[in-house]
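**Q** I'd like to ask you about the structure that follows.
The values are calculated or read from the model by the stated rules, or taken from the named source; none is laboratory data. Since this is a predicted model, take the numbers as computed values, not measurements. Note that each Cβ is placed from the backbone with ideal geometry, even for glycine, and that neighbours are counted across all protein chains shown.
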């Protein structure tokens, strides 16, 4: 059976989250033996009685082949920890989701992403601030990530699409369900200009307990999080907390001290978040002023075997182009040309004297057959 079916199976078991699944994989080596293991072996890994009972029940009730067929019929991609396409930025957080369901398309350019979140009860000021910021960021080649909720989220997604950019919506339910239903048309547009993303299986309802955990994915996929408007108890502040824990920059749009919807953002600024007056504040803080050029380079000049080979020989310590040429057994002219392209893509940096290091934000380079 396709290993993907076992990942989907585990994803539907209550009580088996990232930490427990990681323990199972470390113990058994892969998903199939973990799924089929006897109860005593599962208990040895450390599953508590409730999680063990849930897993055994799921194994008896789930038709994994049918579950996989359901996903394929829905036109939904599934990415797991074992998938080279799994977003590297998300992979690096403390508790990355083992399974991602994706309706639409993730692209390498989506690594250049900023999250924008805020209250569902947005004021005219908040909606306009979100529209302007998302428009300018999208025009600069930045992918806008949000949660498809009413208010600020909706405004951010719409502005990105209208600006001709890309946007990703991270859901607290299955990607085959639109919540709120009023955003059905918007969800369809997001699929055409980005993707709907969820760690929850198809058919999963939008339960209230799903939304706080999904916020770690919103921040985890991004390079920074902008809180546009948020009251004292806004869920957007949870996203800001996740962002801070994940080492992401947190930005906040200042608001009137007399407006309840600005209490959260103003407090974030007081506590160290960076105030945002324009998209340039975000682009400069995240060193993303040349995103459009990087994205264009990635689209026009896709990674080839030469780049992948050179990338294998470049690390955090500076290495001279001549040494790279010898290690890769390639002519110096070919190496110099490829490194120039890789620098434009943001994969490597020249640190003087024709010495190169991997760019700090470079993701994996995939070999092309």
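**Q** Considering only residues that are out of contact with any helix residue (DSSP H, G or I) (no Cβ under 8 Å at 6 or more places or on another chain), surrounded by fewer than 19 Cβ atoms within 10 Å (Cβ to Cβ) and touching a residue at least 40 places away in the same chain (Cβ under 8 Å), look in the stretch 103-128 and name the one that is farthest from residue 80 (Cα to Cα).
**A** Top of the filtered list is 125.
**Q** A further question on this structure: One residue is enough: does the stretch 220-228 have a residue meeting the conditions at pLDDT 95 or above, assigned to a helix (DSSP H, G or I) and under 15 Å from the mean Cα position of the chain (by Cα)?
**A** We begin by selecting, within the stretch 220-228, every residue at pLDDT 95 or above; these are 220-228.
Filter once more, keeping what is assigned to a helix (DSSP H, G or I): 220.
If we keep only those that are under 15 Å from the mean Cα position of the chain (by Cα) too, we end up with 220.
Yes; the residues of the stretch 220-228 include at least one that is at pLDDT 95 or above, assigned to a helix (DSSP H, G or I) and under 15 Å from the mean Cα position of the chain (by Cα).
**Q** Among the residues of the stretch 237-257, are any in a helix (DSSP H, G or I), without any contact (Cβ under 8 Å) to a residue 12 or more places away in the chain and closer than 30 Å to residue 72 by Cβ? First the steps, then the outcome.
**A** Step one: filter the stretch 237-257 for residues in a helix (DSSP H, G or I), giving 237-245.
Filter again for without any contact (Cβ under 8 Å) to a residue 12 or more places away in the chain, leaving 241, 244.
Still in the list and also closer than 30 Å to residue 72 by Cβ: none.
The answer is no, given that none of the residues of the stretch 237-257 is in a helix (DSSP H, G or I), without any contact (Cβ under 8 Å) to a residue 12 or more places away in the chain and closer than 30 Å to residue 72 by Cβ.
**Q** Give the residue that is surrounded by the fewest Cβ atoms within 10 Å (Cβ to Cβ), with candidates limited to residues of the stretch 256-270 that are farther than 17 Å from residue 130 by Cβ and at pLDDT below 95.
**A** Once the filter is applied, the top-ranked residue is 258.
**Q** Now, a different point. Taking the options 135, 143, 239, name whichever one is in contact with a helix residue (DSSP H, G or I) (Cβ under 9 Å, 6 or more places away or on another chain), at pLDDT 95 or above, under 25 Å from residue 252 (Cα atoms) and surrounded by fewer than 24 Cβ atoms within 10 Å (Cβ to Cβ). Can you show your working first?
**A** Working: 143 fails: surrounded by fewer than 24 Cβ atoms within 10 Å (Cβ to Cβ); 239 fails: surrounded by fewer than 24 Cβ atoms within 10 Å (Cβ to Cβ).
Only one candidate qualifies: 135.
**Q** Scan the stretch 204-234 for residues that are closer than 26 Å to residue 256 by Cα and without any contact (Cβ under 8 Å) to a residue 60 or more places away in the chain and report the count.
**A** 2
**Q** Here is a list of conditions, (1) at pLDDT 90 or above; (2) in contact with a helix residue (DSSP H, G or I) (Cβ under 6 Å, 6 or more places away or on another chain); (3) surrounded by 15 or more Cβ atoms within 10 Å (Cβ to Cβ), and residue 332 meets all of them except one; can you say which number that is?
**A** Exception for residue 332: condition (3).
**Q** Another question about this same structure. Kindly state which helices (runs of 4 or more DSSP H) lie completely within the stretch 38-96 and contain at least 2 residues that are free of Cβ contacts under 8 Å to residues at least 24 places away in the same chain.
**A** Numbers: elements: 39-45, 49-61, 64-73, 88-91.
The helices (runs of 4 or more DSSP H) meeting that bar are 39-45, 49-61, 64-73.
**Q** Being within 24 Å of residue 166 (Cα to Cα) and out of contact with any helix residue (DSSP H, G or I) (no Cβ under 6 Å at 6 or more places or on another chain) is true for just one of 218, 226. Which residue is that?
**A** 226
**Q** Would you say residue 232 is surrounded by fewer than 19 Cβ atoms within 10 Å (Cβ to Cβ), under 23 Å from residue 13 (Cα atoms) and in the same structural domain as residue 119 (by TED's automatic domain parsing)? Break it down into steps so the answer makes sense when it comes.
**A** Numbers: surrounded by fewer than 19 Cβ atoms within 10 Å (Cβ to Cβ): yes; under 23 Å from residue 13 (Cα atoms): no; in the same structural domain as residue 119 (by TED's automatic domain parsing): yes.
Considered against the rule, which asks whether it is surrounded by fewer than 19 Cβ atoms within 10 Å (Cβ to Cβ), under 23 Å from residue 13 (Cα atoms) and in the same structural domain as residue 119 (by TED's automatic domain parsing), residue 232 comes out as no.
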